[in-house]
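Visitor: Sharing a structure here in structure tokens format.
Where a number appears in this text, it was derived from the coordinates with a stated rule and is not lab data. Worth saying up front: this structure is predicted, and the values here are computed from it rather than measured. Counting neighbours? That spans all protein chains shown, and the Cβs are built from the backbone with ideal geometry, glycine included.
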Ligand code: ATP
Ligand code: MG
């Protein structure tokens, strides 16, 4: 029997993991610098939460969810995104009593049964955040600047920010009527999904993946031209807050975003390289969502960014990831007595947080040296009977070949001082 990873899933191997760790660490650092704290939510939730929290007219809910009955007969779904779970947790844990805004970030796997394509997987990874309690637009601009700062600190350039406003339920319901009048003569020639959307949520016909390029969709009226005064002022406020910190954006009336409960601000960070799978990060305001999921009316806003797509983009832009040396020093053993001493030294070094390695394969002196070289371990110390009797060892720095004589007794302290 030969097993392989399931379609759309894959391993992240040691050869790549350091890039992921850099990305995750930087994201956490950036979030912390804005006052966000991490939340960890379960991998699965009851199916109904996603139907409500993501929206039952979305592709994610209608086509892409991994749903099954567990042995207790409950309908369970592997999270296709993070917002619904975070909203559930916010309500369940009474977080509305915390000082606002409540700022939460996350790093999750997500699962969607999707057709395979570049940058599209069935298990993928998202960095995201949600913020509750502020109506904006200052916080809308602030979460956009979380992404902007993250990209800049990672060394990414040339990512376009697209923003739009999809209004509030009041301007949207007026607009939906306008849109229905517009689409009515054409709806019979549109795809099956659009025919369903026409009745349930005509706004989503605008970002149809099948009909989207058609002239009739391209020239449809855009919500941005029908915003009510409050929504207009909110959008102007978002723009001036972005202008104030110098974050550039394009207004893109075509962004409507997947979630049904988005209100006002929606945005995407789009690659200039990756093409159709070019959306690296998407987010928006969802003032109706908490209430819709059973909580008190609470404004909220968030985004999610695909780590796979971020890394594709980083690679395309030639971002360099440096690999940290986890193992700082290799101790070459020349005799059994030396090896016994090396065990003690390694134990002490590790207790003090210094990564080290020694031979575990009964290798000869020569092949231990070769191994250490192959692993690019930056320091090398040879210990044999001579070193044990003189009480002195040489610590070789592989980068410049220089050697420093160190007393065996003080070796741990020396390593802590020079290698930490
Ligand atoms: P798309 O239009 O590409 O399907 P989406 O609107 O479904 O994206 P969101 O639900 O907004 O995506 O998810 C946020 C981000 O998560 C996306 O911008 C993308 O970077 C990433 N993402 C979404 N689906 C996948 C997937 N199947 N594989 C890898 N990354 C994904
Ligand atoms: Mg999708």
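Visitor: Multiply the residue gap between residue 409 and residue 114 by 0.36 nm, knock off their C-alpha separation, and tell me the result in nm, one decimal place. Can you show the working numbers first?
Guide: Values: separation 295, 0.36 × 295 = 106.20 nm, distance 6.02 nm.
Once the chain is fully extended between residue 409 and residue 114, it gains 100.2 nm.
Visitor: Hey, in the GNM for the chain with a 10 angstrom Cα cutoff, which one of 84, 220, 304 fluctuates hardest?
Guide: Fluctuation is largest for 220.
Visitor: A follow-up question, please. How many angstrom lie between the C-alpha centres of segment 137-168 and segment 95-135?
Guide: 15
Visitor: Within 10 Å of each residue's Cβ, count the other Cβ atoms and sort 398, 190 from fewest upward. Before the final figure, lay out each step's value.
Guide: Details: 398 15, 190 19.
If I rank by nearby Cβ atoms, fewest first, I get 398, 190.
Visitor: Moving to a separate point now. Starting from the Cα of residue 365, move 7 Å in the Cα-to-Cβ direction to define the label point; list residues of segment 334-351 whose amide nitrogen is under 11 Å from there.
Guide: Label zone hits: 334-335.
Visitor: Distance from the Cα centre of segment 314-350 to that of segment 218-243, in angstrom?
Guide: A separation of 56 Å, based on Cα centres.
Visitor: Related question: Provide the FRET efficiency to the nearest 0.05 for the residue 178-residue 240 pair, computing r from the beta carbons and using R0 = 22 Å.
Guide: Details: r = 28 Å, r/R0 = 1.27.
Once the sixth-power term is evaluated, E becomes 0.20.
Visitor: Mind jotting down the three principal axis lengths of the chain based on Cα atoms? Whole angstrom, largest first.
Guide: For the chain, the Cα spread along each principal axis is 93, 57, 43 Å.
Visitor: Place the peptides 27-35, 356-364 in order of packing, highest mean first, counting for every residue the other Cβ atoms within 10 Å and averaging per peptide.
Guide: Details: 27-35: 16.4, 356-364: 13.4.
Going by the mean number of other Cβ atoms within 10 Å, highest first, we get 27-35, 356-364.
Visitor: Sort segment 188-314 into rounded, prolate or oblate with this rule: let a ≥ b ≥ c be the square roots of the eigenvalues of the Cα gyration tensor; rounded if a/c is under 1.5, and if a/c is not under 1.5, prolate when a/b is larger than b/c, oblate otherwise. Write down the numbers at each step before the final one.
Guide: Working: a/c = 1.39, a/b = 1.09, b/c = 1.27.
Rounded shape, in that the Cα axes give a/c under 1.5.
Visitor: Angle between the Cα long axis of helix 307-316 and the longest principal axis of the chain, 0 to 90 degrees, nearest 10?
Guide: Orientation of helix 307-316: about 70 degrees from the principal axis.
Visitor: Averaged over all directions, how much area does the convex hull of the C-alpha atoms of segment 171-246 cover when projected, in nm²? Before the final figure, lay out the partial values.
Guide: Working: hull surface 23.9 nm².
Mean projected area for segment 171-246: 6.0 nm², to one decimal.
Visitor: What angle do you read, to the nearest 10 degrees and between 0 and 90, between the alpha-carbon axis of helix 365-374 and the longest principal axis of the chain?
Guide: Its long axis makes an angle of about 20 degrees.
Visitor: Would you compute, from DSSP H runs of 4+ residues alone, the mean residue ellipticity of the chain at 222 nm, taking -39500 (n - 2.57) per run and dividing by the full residue count, rounded to the nearest 500? Intermediate values should be presented prior to the final figure.
Guide: Numbers: 15 runs with 159 residues, N = 420.
Estimated from H runs of four or more residues: -11500 deg cm²/dmol.
Visitor: Based on alpha-carbon centroids, what's the gap between segment 387-415 and segment 30-74 in Å, whole number please?
Guide: Value for the Cα centre distance between the two parts: 55 Å.
Visitor: Further, regarding this structure: Applying a 10 Å radius around every beta-carbon, put 328-335, 167-174, 231-238 in order of their mean neighbour count, most first. Write down the numbers at each step before the final one.
Guide: Details: 328-335: 21.1, 167-174: 16.8, 231-238: 18.2.
In decreasing order of mean packing, 328-335, 167-174, 231-238 become 328-335, 231-238, 167-174.
Visitor: Something else: Sort 194-201, 146-153 by the packing proxy (mean of other Cβ within 10 Å over each peptide's residues), most packed first. All intermediate terms of the calculation are to be shown ahead of the outcome.
Guide: Values: 194-201: 16.4, 146-153: 20.0.
The peptides rank, most packed first, as 146-153, 194-201.
Visitor: Classify segment 147-207: rounded, prolate or oblate, from the alpha-carbon gyration tensor (a ≥ b ≥ c, eigenvalue square roots; a/c under 1.5 rounded; otherwise prolate if a/b is larger than b/c)? Provide the component values of the computation, followed by the final result.
Guide: Working: a/c = 4.04, a/b = 2.27, b/c = 1.78.
It is prolate, given that a/c is not under 1.5 and a/b is the larger ratio.
Visitor: If you don't mind, there's one more thing I want to ask. Calculate, in nm to one decimal, what residue 11 and residue 398 gain on full extension: separation in residues at 0.36 nm each, minus their alpha carbon distance.
Guide: Here the segment from residue 11 to residue 398 would lengthen by 136.1 nm.
Visitor: So how tilted is helix 336-351 from the main axis of the chain? Cα-based, degrees 0 to 90, rounded to 10.
Guide: Orientation of helix 336-351: about 40 degrees from the principal axis.
Visitor: Which value, in Å³ per residue, describes the convex hull spanned by the Cα atoms of segment 329-419? Walk me through the numbers before you get to the answer.
Guide: On the way: hull volume 8.0 nm³, N = 91.
With only Cα atoms used, segment 329-419 gives 88 Å³ per residue.
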